[in-house]
Amino acid sequence: MHSFILCALLASSALLAFATEEQHYSFSPLAGSNSGTPFSLTGEERITGVRVWDNGGYIYGLQFRYGAIWSSIIGNSYGRVEEILLYDDEAIIQVSGKYSHYIHAVVFVTNRGRSLFAGQFSGISFNMYPEFEGAELRFISGTLHGSLTGLSAHWAVVSQDSNEH
């Protein structure tokens, strides 16, 4: 009986510590029309590469490399492909671009000042970045209808001892 009470006490104190620990996660609201099929592009490790497909007018597809593994393509691999492979300790710290009904252009910027540009720069501007210092892009979500119609960014601080490049 005493061991049960001790285990329950330890578990509740661990949950309390986790619940009160400051969370370093932020979310950038959706840019675009939010019409079509919802998607989420996620992975287990840090993002180490990005591919974007565009036809000069719309963003048709996105793909992230998490660690050494490329994700499925969100959307279509139609048109021209742009790619950036990240260096060790490099992370995406800003996502910006242009939209109207569809996402026309996207820019991924790293903490080393490198960028991937894709698409046609016309329409309404959007700019997404984390709320917390040291946070990086972890995944994106949005909507598709032939090409991308909406895009949101999800940011988090990644501990140095987990998921190294």
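Some observations on this one:
- Packing-based ranking of 51-59, 38-46, 132-140 yields 51-59, 132-140, 38-46, ordered from highest to lowest mean Cβ neighbour count within 10 Å.
- For the stretch 63-145, a simple Cβ point-charge model (Lys and Arg +1, Asp and Glu -1, everything else neutral) yields a dipole of about 340 debye relative to the Cα centre.
- Among the protein heavy atoms of the stretch 88-132, carbon and sulfur supply 48% of the accessible surface, probe 1.4 Å, non-protein parts ignored.
- Residue-normalised accessible area of the stretch 28-165, expressed per residue, 1.4 Å probe, Å²: 46
- Two-site FRET efficiency, Glu131 against Tyr78, from Cβ-Cβ distance with R₀ of 41 Å, rounded to 0.05: 0.75
The values are calculated or read from the model by the stated rules, or taken from the named source; none is laboratory data. Here the structure is a predicted model, which means the values were calculated and not measured. No Cβ is skipped: glycine too gets one built from the backbone with ideal geometry, and neighbour counts run over all protein chains shown. Ligands, DNA and RNA are stripped out before the accessible areas are found, and what is left, the full protein with its side chains, is counted by its heavy atoms. Shrake-Rupley method; radii C 1.70, N 1.55, O 1.52, S 1.80 Å.
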